[in-house]
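Novice: For reference, the structure I am asking about is given below.
The values are calculated or read from the model by the stated rules, or taken from the named source; none is laboratory data. Because the structure is predicted, anything quoted here is derived from the model rather than measured. Cβ: placed from backbone, ideal geometry, glycine included. Neighbour counts: every protein chain shown.
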Amino acid sequence: MTTWLSISANSDFSLYNLPFGIFDSGDGRPRAGIAIGDHIVDLAAAAETGLFGKRRFFKKIFEQPVLNDFIALGKPVTNRVRRKVQEWLCRPETPDNAGNLLADRRTARMHLPVRIGDYTDFYSSIEHATNVGKMFRPDNPLLPNWRWLPVGYHGRSSSIVPSGTPVRRPYGQILPKGQETPVFSASRQLDFELEMAFIIGKDTALGESVRVENAEDYIFGLVLFNDWSARDIQRWEYVPLGPFLGKNFASSVSPWIVPLEALKPFRTKGPKQTPPPFEYLNARGARNYDIALEVAIQAGDAEPAVVCRSNMRHLYWSMAQQLAHHTINGCNIRVGDLMASGTISGPGPGTYGSMLELSWAGQQPIPLADGSSRTFLQDGDTVVMRGWGEKPGMRVGFGEVRGEILPALSSPFLP
Ligand code: MN
(Lines give C-alpha, C1' and ligand atoms only; values in the text may rest on other atoms or scores of the structure.)
Protein backbone atom coordinates (compact mmCIF):
# COMPACT_ATOMS: atom_id res chain seq x y z
CA MET A 1 0.00 0.00 0.00
CA THR A 2 1.22 3.49 -0.84
CA THR A 3 -0.30 6.89 -0.20
CA TRP A 4 0.03 10.37 -1.67
CA LEU A 5 0.53 11.64 1.90
CA SER A 6 4.04 11.66 3.28
CA ILE A 7 4.22 9.49 6.39
CA SER A 8 7.41 8.77 8.28
CA ALA A 9 8.37 5.06 8.20
CA ASN A 10 8.44 4.84 11.99
CA SER A 11 5.07 6.52 12.51
CA ASP A 12 2.69 4.65 14.85
CA PHE A 13 -0.16 5.77 12.62
CA SER A 14 0.55 3.93 9.37
CA LEU A 15 -1.89 2.91 6.62
CA TYR A 16 -2.25 -0.42 8.43
CA ASN A 17 -3.42 1.21 11.65
CA LEU A 18 -6.07 3.90 11.05
CA PRO A 19 -7.25 4.26 14.67
CA PHE A 20 -10.35 6.23 15.69
CA GLY A 21 -10.38 9.18 18.07
CA ILE A 22 -12.15 12.40 19.03
CA PHE A 23 -10.28 15.62 18.32
CA ASP A 24 -10.77 19.34 17.96
CA SER A 25 -8.57 21.80 16.08
CA GLY A 26 -8.77 24.51 18.70
CA ASP A 27 -12.29 25.43 17.59
CA GLY A 28 -13.94 23.69 20.58
CA ARG A 29 -15.82 21.38 18.22
CA PRO A 30 -14.93 17.79 19.22
CA ARG A 31 -15.53 15.36 16.37
CA ALA A 32 -14.44 11.98 15.07
CA GLY A 33 -11.21 11.39 13.19
CA ILE A 34 -8.80 8.75 11.99
CA ALA A 35 -5.08 9.26 12.65
CA ILE A 36 -2.67 8.92 9.71
CA GLY A 37 0.96 9.99 10.14
CA ASP A 38 0.98 13.55 11.49
CA HIS A 39 -2.54 14.12 10.15
CA ILE A 40 -6.12 13.40 11.08
CA VAL A 41 -8.80 12.50 8.55
CA ASP A 42 -11.83 14.55 9.62
CA LEU A 43 -14.58 11.94 9.33
CA ALA A 44 -17.48 14.42 9.40
CA ALA A 45 -15.90 16.32 6.51
CA ALA A 46 -15.26 13.04 4.69
CA ALA A 47 -18.88 11.98 5.23
CA GLU A 48 -20.04 15.24 3.67
CA THR A 49 -18.24 14.36 0.43
CA GLY A 50 -20.21 11.10 0.30
CA LEU A 51 -17.18 8.88 0.97
CA PHE A 52 -19.25 6.51 3.14
CA GLY A 53 -22.67 6.92 1.41
CA LYS A 54 -25.67 8.23 3.43
CA ARG A 55 -24.08 11.68 3.81
CA ARG A 56 -26.36 13.18 6.45
CA PHE A 57 -26.45 10.02 8.57
CA PHE A 58 -22.66 9.66 8.79
CA LYS A 59 -22.02 13.39 9.15
CA LYS A 60 -24.31 13.44 12.21
CA ILE A 61 -22.62 10.35 13.70
CA PHE A 62 -19.12 11.81 13.24
CA GLU A 63 -20.02 15.26 14.58
CA GLN A 64 -20.73 13.74 17.99
CA PRO A 65 -18.18 14.31 20.78
CA VAL A 66 -17.86 10.55 21.47
CA LEU A 67 -17.62 7.43 19.30
CA ASN A 68 -20.28 5.33 21.10
CA ASP A 69 -23.01 5.61 18.46
CA PHE A 70 -20.54 4.96 15.66
CA ILE A 71 -19.10 1.89 17.40
CA ALA A 72 -22.62 0.61 18.09
CA LEU A 73 -23.24 0.43 14.30
CA GLY A 74 -21.19 -2.77 14.41
CA LYS A 75 -17.99 -4.04 12.88
CA PRO A 76 -19.29 -4.45 9.31
CA VAL A 77 -19.91 -0.67 9.27
CA THR A 78 -16.87 0.49 11.27
CA ASN A 79 -14.55 -1.72 9.20
CA ARG A 80 -16.07 -0.42 5.97
CA VAL A 81 -15.45 3.19 7.07
CA ARG A 82 -11.81 2.33 7.79
CA ARG A 83 -11.48 0.64 4.40
CA LYS A 84 -13.01 3.63 2.60
CA VAL A 85 -10.53 5.95 4.29
CA GLN A 86 -7.69 3.60 3.40
CA GLU A 87 -8.79 3.57 -0.27
CA TRP A 88 -9.02 7.36 -0.26
CA LEU A 89 -5.48 7.58 1.16
CA CYS A 90 -4.21 5.11 -1.46
CA ARG A 91 -5.60 6.88 -4.52
CA PRO A 92 -2.98 7.24 -7.24
CA GLU A 93 -3.09 11.05 -7.06
CA THR A 94 -3.71 13.60 -4.31
CA PRO A 95 -7.51 14.09 -4.17
CA ASP A 96 -8.75 17.67 -4.78
CA ASN A 97 -10.50 17.69 -1.42
CA ALA A 98 -7.44 16.57 0.57
CA GLY A 99 -7.02 19.98 2.22
CA ASN A 100 -10.63 20.02 3.46
CA LEU A 101 -10.50 16.53 4.90
CA LEU A 102 -7.18 16.67 6.75
CA ALA A 103 -6.41 18.27 10.11
CA ASP A 104 -3.00 18.66 11.79
CA ARG A 105 -2.56 15.91 14.38
CA ARG A 106 0.39 17.66 16.06
CA THR A 107 -1.68 20.67 17.10
CA ALA A 108 -5.06 18.95 17.59
CA ARG A 109 -6.52 18.60 21.07
CA MET A 110 -7.53 15.04 21.89
CA HIS A 111 -10.58 14.08 23.98
CA LEU A 112 -11.78 10.87 25.58
CA PRO A 113 -12.73 8.74 22.56
CA VAL A 114 -15.85 7.22 24.13
CA ARG A 115 -18.30 7.95 26.92
CA ILE A 116 -16.98 5.23 29.21
CA GLY A 117 -19.73 3.25 30.89
CA ASP A 118 -18.52 0.65 33.33
CA TYR A 119 -14.83 0.11 34.00
CA THR A 120 -13.28 -3.15 35.15
CA ASP A 121 -9.62 -3.72 35.97
CA PHE A 122 -8.19 -7.23 35.79
CA TYR A 123 -4.98 -8.59 37.34
CA SER A 124 -3.92 -10.86 34.51
CA SER A 125 -0.11 -10.76 34.48
CA ILE A 126 1.30 -13.73 36.39
CA GLU A 127 4.64 -11.94 36.78
CA HIS A 128 2.94 -8.88 38.34
CA ALA A 129 0.71 -10.94 40.62
CA THR A 130 3.72 -13.04 41.70
CA ASN A 131 5.93 -10.00 42.33
CA VAL A 132 3.31 -8.22 44.41
CA GLY A 133 2.47 -11.47 46.21
CA LYS A 134 6.14 -12.06 47.07
CA MET A 135 6.39 -8.71 48.85
CA PHE A 136 3.59 -9.75 51.19
CA ARG A 137 3.82 -13.56 51.19
CA PRO A 138 7.35 -14.73 50.26
CA ASP A 139 6.47 -18.44 50.58
CA ASN A 140 3.12 -18.38 48.81
CA PRO A 141 3.03 -15.46 46.38
CA LEU A 142 0.10 -16.52 44.15
CA LEU A 143 -3.24 -16.88 45.93
CA PRO A 144 -5.06 -20.21 45.31
CA ASN A 145 -7.68 -18.73 42.95
CA TRP A 146 -5.24 -16.95 40.64
CA ARG A 147 -4.56 -19.73 38.11
CA TRP A 148 -8.25 -20.69 38.00
CA LEU A 149 -9.87 -17.39 37.06
CA PRO A 150 -8.98 -13.90 35.79
CA VAL A 151 -9.11 -11.88 39.04
CA GLY A 152 -10.54 -8.37 38.66
CA TYR A 153 -12.40 -5.54 40.39
CA HIS A 154 -14.98 -2.96 39.36
CA GLY A 155 -13.35 0.46 39.07
CA ARG A 156 -14.78 3.91 38.52
CA SER A 157 -15.16 5.53 35.09
CA SER A 158 -15.78 9.15 36.22
CA SER A 159 -12.08 9.75 36.85
CA ILE A 160 -10.72 8.27 33.62
CA VAL A 161 -8.99 11.09 31.74
CA PRO A 162 -7.36 11.46 28.31
CA SER A 163 -3.59 11.55 27.85
CA GLY A 164 -2.06 14.89 28.79
CA THR A 165 -4.37 15.56 31.74
CA PRO A 166 -2.24 16.33 34.83
CA VAL A 167 -2.75 14.16 37.90
CA ARG A 168 -2.98 15.75 41.35
CA ARG A 169 -1.27 13.90 44.21
CA PRO A 170 -4.17 12.61 46.33
CA TYR A 171 -4.80 12.74 50.08
CA GLY A 172 -5.96 9.81 52.12
CA GLN A 173 -5.47 7.64 55.16
CA ILE A 174 -2.09 5.98 55.46
CA LEU A 175 -0.76 3.59 58.08
CA PRO A 176 2.90 4.48 58.73
CA LYS A 177 5.22 1.48 59.01
CA GLY A 178 5.30 -0.05 62.49
CA GLN A 179 2.37 2.06 63.76
CA GLU A 180 -1.10 0.99 64.79
CA THR A 181 -3.12 4.07 63.90
CA PRO A 182 -3.29 5.75 60.49
CA VAL A 183 -2.44 9.35 59.63
CA PHE A 184 -4.16 11.69 57.17
CA SER A 185 -1.65 12.80 54.56
CA ALA A 186 -0.87 13.32 50.91
CA SER A 187 0.25 10.03 49.34
CA ARG A 188 4.01 9.45 49.52
CA GLN A 189 3.96 6.36 47.31
CA LEU A 190 2.41 7.49 44.06
CA ASP A 191 2.85 4.94 41.28
CA PHE A 192 1.85 4.11 37.70
CA GLU A 193 0.58 0.81 36.32
CA LEU A 194 1.41 -0.10 32.72
CA GLU A 195 -1.77 -1.62 31.26
CA MET A 196 -3.70 -2.13 28.04
CA ALA A 197 -7.47 -1.74 27.94
CA PHE A 198 -10.17 -2.80 25.50
CA ILE A 199 -13.35 -0.96 24.58
CA ILE A 200 -16.56 -2.96 24.29
CA GLY A 201 -18.12 -2.70 20.82
CA LYS A 202 -21.36 -4.65 21.22
CA ASP A 203 -24.03 -4.85 23.95
CA THR A 204 -25.19 -8.05 25.59
CA ALA A 205 -28.49 -8.58 27.42
CA LEU A 206 -28.60 -9.22 31.16
CA GLY A 207 -28.37 -12.99 31.61
CA GLU A 208 -26.34 -13.53 28.43
CA SER A 209 -22.75 -14.82 28.49
CA VAL A 210 -20.07 -14.12 25.87
CA ARG A 211 -18.52 -17.35 24.64
CA VAL A 212 -14.75 -17.32 24.78
CA GLU A 213 -14.41 -18.25 21.08
CA ASN A 214 -16.62 -15.26 20.07
CA ALA A 215 -15.20 -12.75 22.54
CA GLU A 216 -13.30 -10.74 19.90
CA ASP A 217 -16.65 -9.88 18.23
CA TYR A 218 -17.44 -7.80 21.33
CA ILE A 219 -14.09 -5.97 21.43
CA PHE A 220 -13.95 -2.82 19.29
CA GLY A 221 -10.34 -1.92 19.94
CA LEU A 222 -7.55 -1.20 22.39
CA VAL A 223 -5.90 1.76 24.13
CA LEU A 224 -2.93 2.24 26.45
CA PHE A 225 -3.97 2.59 30.07
CA ASN A 226 -2.17 4.05 33.09
CA ASP A 227 -3.88 2.97 36.31
CA TRP A 228 -2.34 5.57 38.66
CA SER A 229 -2.06 4.06 42.14
CA ALA A 230 -1.36 5.49 45.60
CA ARG A 231 0.30 2.46 47.20
CA ASP A 232 0.23 3.74 50.78
CA ILE A 233 -3.49 4.56 50.62
CA GLN A 234 -4.15 1.24 48.86
CA ARG A 235 -2.24 -0.81 51.45
CA TRP A 236 -4.34 0.45 54.37
CA GLU A 237 -7.79 0.40 52.72
CA TYR A 238 -7.85 -2.72 50.50
CA VAL A 239 -8.80 -5.35 53.08
CA PRO A 240 -11.25 -7.04 52.61
CA LEU A 241 -13.01 -5.55 49.57
CA GLY A 242 -10.11 -4.58 47.30
CA PRO A 243 -8.92 -1.37 45.59
CA PHE A 244 -10.83 1.86 46.30
CA LEU A 245 -9.51 5.43 46.83
CA GLY A 246 -5.90 4.42 46.17
CA LYS A 247 -7.00 3.94 42.54
CA ASN A 248 -10.00 6.07 41.64
CA PHE A 249 -8.40 9.54 41.84
CA ALA A 250 -7.31 9.16 38.17
CA SER A 251 -6.63 6.71 35.35
CA SER A 252 -5.31 7.86 31.96
CA VAL A 253 -6.03 6.49 28.47
CA SER A 254 -4.33 7.07 25.13
CA PRO A 255 -6.71 8.94 22.81
CA TRP A 256 -6.64 6.73 19.69
CA ILE A 257 -8.57 3.43 19.74
CA VAL A 258 -6.67 0.93 17.61
CA PRO A 259 -9.31 -1.38 16.12
CA LEU A 260 -8.85 -5.07 16.78
CA GLU A 261 -8.71 -5.65 12.98
CA ALA A 262 -5.49 -3.62 12.78
CA LEU A 263 -3.90 -5.84 15.43
CA LYS A 264 -4.61 -9.18 13.67
CA PRO A 265 -1.03 -9.48 12.32
CA PHE A 266 0.24 -9.38 15.91
CA ARG A 267 -1.87 -12.21 17.30
CA THR A 268 0.18 -14.81 19.12
CA LYS A 269 -0.25 -17.73 21.49
CA GLY A 270 -0.36 -17.01 25.20
CA PRO A 271 1.61 -18.81 27.92
CA LYS A 272 0.73 -22.42 28.72
CA GLN A 273 -1.95 -22.48 31.39
CA THR A 274 -1.71 -24.89 34.32
CA PRO A 275 -4.15 -26.14 35.50
CA PRO A 276 -6.01 -26.32 32.17
CA PRO A 277 -8.83 -23.74 32.32
CA PHE A 278 -12.50 -24.64 32.67
CA GLU A 279 -14.26 -25.17 29.33
CA TYR A 280 -15.90 -21.70 29.41
CA LEU A 281 -12.37 -20.20 29.57
CA ASN A 282 -10.76 -22.56 27.08
CA ALA A 283 -9.61 -20.18 24.34
CA ARG A 284 -7.98 -22.19 21.58
CA GLY A 285 -5.66 -20.57 19.06
CA ALA A 286 -3.67 -17.35 19.16
CA ARG A 287 -5.57 -15.09 21.55
CA ASN A 288 -2.72 -12.94 22.85
CA TYR A 289 -1.17 -9.92 21.11
CA ASP A 290 2.50 -9.16 20.53
CA ILE A 291 2.54 -5.48 21.45
CA ALA A 292 5.79 -3.98 22.73
CA LEU A 293 5.28 -1.64 25.68
CA GLU A 294 7.51 0.87 27.42
CA VAL A 295 7.33 3.38 30.23
CA ALA A 296 9.50 6.49 30.53
CA ILE A 297 9.75 8.96 33.41
CA GLN A 298 10.64 12.57 32.69
CA ALA A 299 11.74 14.56 35.73
CA GLY A 300 10.71 18.16 35.06
CA ASP A 301 12.31 19.21 31.77
CA ALA A 302 15.06 16.54 31.84
CA GLU A 303 15.41 13.87 29.15
CA PRO A 304 12.88 11.06 29.63
CA ALA A 305 14.38 7.81 30.97
CA VAL A 306 12.86 4.49 29.91
CA VAL A 307 12.35 2.53 33.14
CA CYS A 308 10.37 -0.45 31.80
CA ARG A 309 10.12 -2.49 28.60
CA SER A 310 7.40 -5.13 28.55
CA ASN A 311 5.00 -6.79 26.10
CA MET A 312 1.26 -7.51 26.09
CA ARG A 313 1.93 -11.10 25.02
CA HIS A 314 3.09 -11.86 28.58
CA LEU A 315 -0.51 -11.72 29.84
CA TYR A 316 -1.51 -15.07 31.36
CA TRP A 317 -5.24 -14.44 30.86
CA SER A 318 -6.22 -13.17 27.39
CA MET A 319 -8.85 -10.51 26.72
CA ALA A 320 -11.13 -13.28 25.39
CA GLN A 321 -10.84 -15.15 28.69
CA GLN A 322 -11.38 -11.96 30.70
CA LEU A 323 -14.58 -11.21 28.81
CA ALA A 324 -15.88 -14.80 28.98
CA HIS A 325 -15.28 -14.83 32.72
CA HIS A 326 -16.78 -11.36 33.26
CA THR A 327 -20.08 -12.43 31.66
CA ILE A 328 -20.31 -16.10 32.75
CA ASN A 329 -22.71 -15.11 35.56
CA GLY A 330 -24.93 -13.19 33.13
CA CYS A 331 -23.43 -9.74 33.82
CA ASN A 332 -24.26 -7.60 30.78
CA ILE A 333 -21.79 -5.36 28.96
CA ARG A 334 -22.42 -2.18 26.97
CA VAL A 335 -20.76 -0.32 24.11
CA GLY A 336 -18.15 2.00 25.62
CA ASP A 337 -17.38 -0.13 28.66
CA LEU A 338 -13.65 -0.27 29.33
CA MET A 339 -11.78 -3.31 30.59
CA ALA A 340 -8.14 -3.02 31.58
CA SER A 341 -5.60 -5.83 31.75
CA GLY A 342 -3.92 -5.13 35.06
CA THR A 343 -0.23 -4.22 35.24
CA ILE A 344 1.68 -5.99 32.45
CA SER A 345 5.03 -7.09 33.87
CA GLY A 346 7.46 -9.31 32.00
CA PRO A 347 9.72 -12.08 33.26
CA GLY A 348 12.77 -10.04 34.38
CA PRO A 349 13.84 -6.83 36.11
CA GLY A 350 13.47 -3.92 33.72
CA THR A 351 10.22 -5.43 32.44
CA TYR A 352 8.15 -4.65 35.54
CA GLY A 353 5.17 -2.39 34.89
CA SER A 354 5.04 -0.41 38.16
CA MET A 355 7.44 1.43 40.48
CA LEU A 356 6.26 -0.88 43.28
CA GLU A 357 7.96 -3.76 41.46
CA LEU A 358 10.82 -1.83 39.79
CA SER A 359 11.97 -0.43 43.15
CA TRP A 360 10.86 -3.61 44.96
CA ALA A 361 8.55 -1.82 47.41
CA GLY A 362 10.90 1.16 47.63
CA GLN A 363 14.08 -0.79 48.49
CA GLN A 364 15.95 -0.28 45.18
CA PRO A 365 15.91 3.26 43.74
CA ILE A 366 15.65 3.52 39.93
CA PRO A 367 18.15 5.93 38.27
CA LEU A 368 16.78 8.60 35.91
CA ALA A 369 18.44 10.55 33.06
CA ASP A 370 19.11 13.68 35.16
CA GLY A 371 21.16 11.79 37.77
CA SER A 372 18.32 11.64 40.27
CA SER A 373 16.60 8.41 41.26
CA ARG A 374 13.11 7.30 42.20
CA THR A 375 11.41 4.74 44.37
CA PHE A 376 7.98 6.25 43.71
CA LEU A 377 6.87 9.27 41.63
CA GLN A 378 7.70 12.83 42.64
CA ASP A 379 5.83 16.07 41.91
CA GLY A 380 6.75 17.35 38.45
CA ASP A 381 7.43 13.86 37.07
CA THR A 382 5.76 13.04 33.76
CA VAL A 383 5.04 9.38 33.01
CA VAL A 384 4.89 8.46 29.32
CA MET A 385 3.73 5.02 28.13
CA ARG A 386 4.02 3.78 24.56
CA GLY A 387 2.95 0.62 22.74
CA TRP A 388 3.31 -0.75 19.20
CA GLY A 389 3.18 -3.88 17.06
CA GLU A 390 5.89 -4.24 14.43
CA LYS A 391 6.59 -6.56 11.46
CA PRO A 392 8.84 -5.92 8.45
CA GLY A 393 7.29 -2.97 6.60
CA MET A 394 4.38 -2.70 9.03
CA ARG A 395 4.04 -0.71 12.23
CA VAL A 396 0.81 -0.31 14.17
CA GLY A 397 1.22 1.85 17.27
CA PHE A 398 -0.86 3.41 20.00
CA GLY A 399 0.94 6.74 20.27
CA GLU A 400 1.31 7.55 23.94
CA VAL A 401 -0.48 8.12 27.20
CA ARG A 402 1.17 10.75 29.37
CA GLY A 403 0.44 12.56 32.61
CA GLU A 404 2.34 14.92 34.91
CA ILE A 405 2.16 14.68 38.69
CA LEU A 406 1.03 17.93 40.30
CA PRO A 407 1.78 18.61 43.99
CA ALA A 408 -0.99 17.99 46.50
CA LEU A 409 -3.08 21.08 47.21
CA SER A 410 -3.02 22.34 50.78
CA SER A 411 -5.72 20.54 52.72
CA PRO A 412 -8.02 22.10 55.35
CA PHE A 413 -8.00 18.74 57.11
CA LEU A 414 -4.29 18.65 57.88
CA PRO A 415 -3.47 18.99 61.59
MN1 MN B 1 -4.45 -1.80 37.77
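Novice: Taking strands (runs of 3 or more DSSP E) that do not extend beyond the range 117-213, which have at least 1 residues that are touching a Gly at 6+ places or on another chain (Cβ under 6 Å) and closer than 30 Å to R284 by Cβ? First the steps, then the outcome.
Specialist: Numbers: elements: 119-122, 152-154, 160-162, 171-174, 183-186, 194-200.
So the answer is 119-122, 152-154, 194-200.
Novice: While we're here: Are there any pairs, at least 6 apart or on different chains, whose C-beta atoms fall under 6 Å, with the first in the range 184-198 and more than 11 Å from the ligand (Cβ to nearest atom) and the second outside any loop (DSSP other than H, G, I, E, B) and β-branched (V, I, T), and if so, which?
Specialist: Taking only residues 6 or more apart or on different chains, the pairs are S185/I174; S187/I233; F198/I219.
Novice: Out of all the residues in the range 100-108, is one or more without any contact (Cβ under 8 Å) to a residue 24 or more places away in the chain and surrounded by fewer than 20 Cβ atoms within 10 Å (Cβ to Cβ)?
Specialist: no
Novice: Which condition number in (1) more than 16 Å from the ligand (Cβ to nearest atom); (2) aromatic (F, W, Y); (3) under 23 Å from the mean Cα position of the chain (by Cα) is the one that F244 fails?
Specialist: F244 satisfies every listed condition except (1).
Novice: Moving to a separate point now. Test A250 against the criterion of being in the same structural domain as T327 (by TED's automatic domain parsing), surrounded by fewer than 24 Cβ atoms within 10 Å (Cβ to Cβ) and away from the ligand (no atom under 14 Å from the Cβ), and give yes or no.
Specialist: Numbers: in the same structural domain as T327 (by TED's automatic domain parsing): yes; surrounded by fewer than 24 Cβ atoms within 10 Å (Cβ to Cβ): yes; away from the ligand (no atom under 14 Å from the Cβ): no.
Answer is no for this residue.
Novice: Then there is this: Among the residues of the range 106-116, write down those that are closer than 30 Å to I7 by Cα, among the basic types (K, R) and either assigned to a loop (DSSP other than H, G, I, E, B) or in contact with a helix residue (DSSP H, G or I) (Cβ under 9 Å, 6 or more places away or on another chain) (or both).
Specialist: R106
Novice: Next question. Kindly indicate whether any position in the range 107-127 is charged (D, E, K, R) and over 26 Å from K202 (Cβ atoms).
Specialist: The first filter runs over the range 107-127 and keeps only residues charged (D, E, K, R), leaving 109, 115, 118, 121, 127.
With over 26 Å from K202 (Cβ atoms) added as a condition, the list becomes 109, 127.
Scanning the range 107-127, I find at least one residue that is charged (D, E, K, R) and over 26 Å from K202 (Cβ atoms), so the answer is yes.
Novice: Something else: Within the range 352-385, track down each residue that is assigned to a loop (DSSP other than H, G, I, E, B) and buried (at least 20 other Cβ atoms within 10 Å of the Cβ). Walk me through how you get there before you give the answer.
Specialist: Looking only at the range 352-385, we keep the residues that are assigned to a loop (DSSP other than H, G, I, E, B), and these are 352-354, 359-365, 368-372, 375-380.
Residues satisfying the conditions are Y352, G353, S354, S359, L368, F376, L377.
Novice: Here is a follow-up. Quick check on my filter: what residues within the range 328-350 are over 25 Å from V66 (Cα atoms) and surrounded by fewer than 24 Cβ atoms within 10 Å (Cβ to Cβ)?
Specialist: I328, N329, G330, G346, P347, G348, P349, G350
Novice: Identify all residues within the range 214-241 that are assigned to a helix (DSSP H, G or I), without any contact (Cβ under 8 Å) to a residue 24 or more places away in the chain and within 16 Å of the ligand (Cβ to nearest atom); write none if there are none. Step through it out loud before you land on a result.
Specialist: The first filter runs over the range 214-241 and keeps only residues assigned to a helix (DSSP H, G or I), leaving 214-218, 231-237.
In the following step, the residues that additionally are without any contact (Cβ under 8 Å) to a residue 24 or more places away in the chain were identified as 214, 234.
Result: Q234, single match.
Novice: How many of the residues making up the range 130-160 are over 30 Å from S25 (Cβ atoms) and in contact (Cβ under 8 Å) with a residue 24 or more places away in the chain? Before you say what the answer is, go through the steps one by one.
Specialist: So in the range 130-160, the residues over 30 Å from S25 (Cβ atoms) come out as 130-156.
Retained after the next criterion (residues that are in contact (Cβ under 8 Å) with a residue 24 or more places away in the chain): 131-132, 135, 147-156.
Total satisfying the criteria: 13.
Novice: From G221, G172, grab the single residue that is in the same structural domain as G246 (by TED's automatic domain parsing) and touching a strand residue (DSSP E or B) at 6+ places or on another chain (Cβ under 6 Å).
Specialist: The unique qualifying residue is G221.
Novice: Okay, moving on. Is at least one residue of the range 310-320 surrounded by fewer than 22 Cβ atoms within 10 Å (Cβ to Cβ), assigned by TED's automatic domain parsing to the domain that holds I200 and over 18 Å from the mean Cα position of the chain (by Cα)?
Specialist: No, because not a single residue in the range 310-320 is surrounded by fewer than 22 Cβ atoms within 10 Å (Cβ to Cβ), assigned by TED's automatic domain parsing to the domain that holds I200 and over 18 Å from the mean Cα position of the chain (by Cα).
Novice: Is it the case that R106 is among the charged types (D, E, K, R) and at pLDDT below 95?
Specialist: Spelling it out, it is not the case that R106 is among the charged types (D, E, K, R) and at pLDDT below 95.
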